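Step one of this worksheet: look at the structure below.
The values are calculated or read from the model by the stated rules, or taken from the named source; none is laboratory data. In this text the structure is predicted, and so the values were computed from the model without any measurement. Cβ sites come from the backbone with ideal geometry, for glycine too, and all protein chains shown count toward neighbours.
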Amino acid sequence: WIALFASLLVWLVEIVGGALWVDPIIQGFTVLAAGTSIPDMASSVAVARKGEGDMAVSSSIGSNIFDILVGLPIPWMIKILLVERDVSFFVTLQSPYLAVHVLLLLSMVFAVVLSIHCLGWRLNRALGLCMGVLYMIFLFVAIVVEW
């Protein structure tokens, strides 16, 4: 049922984005990314409030790694095996700036881990605000580059 709702979400975002002339890359960076990250954020905030900051950071980074290593390839594999019998079927990444986006995200993860290390592996509101601002900067750069 998760795959069904995920497919429905992607389909609805494509329809709304197409009607509003929004590039699919931008839709993925904003609407779909937020939709997959909000439950992870809620669980990270809950454990951070209980004093388990290391668990919160591990969860936030680990869930994204899991999404990339499991959440993306398995649906693609299922589609290739069950839906698309054509051997020439493959996923085309159309953004010429994909390397820029990946480098920005990796730089942000490095900066976050380094910042937490410099603070003695303690989280505070200023660091949380800084991470939020960094994400907004990433979104701004990604949207400007893709637009």
**Q.** Residue, farthest from GLY53 (Cα to Cα), within the range 104-116, restricted to residues that are loosely packed, with under 11 Cβ neighbours inside 10 Å and more than 15 Å from the chain's Cα centre (by Cα)
**A.** PHE110
Q) Is there a residue in the range 85-103 that is surrounded by 13 or more Cβ atoms within 10 Å (Cβ to Cβ), farther than 30 Å from LEU4 by Cβ and aromatic (Phe, Trp, Tyr)? A) yes
Q. Out of curiosity, is LEU119 in contact with a helix residue (DSSP H, G or I) (Cβ under 8 Å, 6 or more places away or on another chain), more than 21 Å from GLU146 (Cα to Cα), at pLDDT below 80 and not polar (S, T, N, Q)?
A. no
Q.
For a quick check of your reading of the model, give me the residue pairs whose first member lies in the range 29-55 and is assigned by TED's automatic domain parsing to the domain that holds VAL112 and free of Cβ contacts under 8 Å to residues at least 12 places away in the same chain, whose second is in a helix (DSSP H, G or I) and acidic (Asp, Glu), with beta-carbon atoms closer than 7 Å and at least 6 apart or on different chains.
A. none
Q.
Just the residues that are acidic (Asp, Glu) and surrounded by 16 or more Cβ atoms within 10 Å (Cβ to Cβ), please, taken from the range 1-48.
A. ASP40
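Please pick out the residue among TRP121, TRP147 that is touching a Gly at 6+ places or on another chain (Cβ under 9 Å), over 23 Å from LEU4 (Cβ atoms) and loosely packed, with under 14 Cβ neighbours inside 10 Å.
Values: TRP147 fails: touching a Gly at 6+ places or on another chain (Cβ under 9 Å).
Step by step, each of TRP121, TRP147 is checked, and only TRP121 is touching a Gly at 6+ places or on another chain (Cβ under 9 Å), over 23 Å from LEU4 (Cβ atoms) and loosely packed, with under 14 Cβ neighbours inside 10 Å.
Could you please find all residues in the range 50-64 being modelled with pLDDT of 80 or more, within 13 Å of the chain's Cα centre (by Cα) and within 14 Å of VAL113 (Cβ to Cβ)?
To start, the set of residues in the range 50-64 that are modelled with pLDDT of 80 or more comprises 50-52, 55-56, 58-59, 62-63.
Then drop every residue that is not within 13 Å of the chain's Cα centre (by Cα), which leaves 62-63.
Result: GLY62, single match.
Residues that are of a type in the set (Gly, Ala, Ser), at least 2 per element: which helices (runs of 4 or more DSSP H) completely within the range 8-72 meet that?
Details: elements: 24-27, 33-49, 53-66.
Here the list reads 33-49, 53-66.
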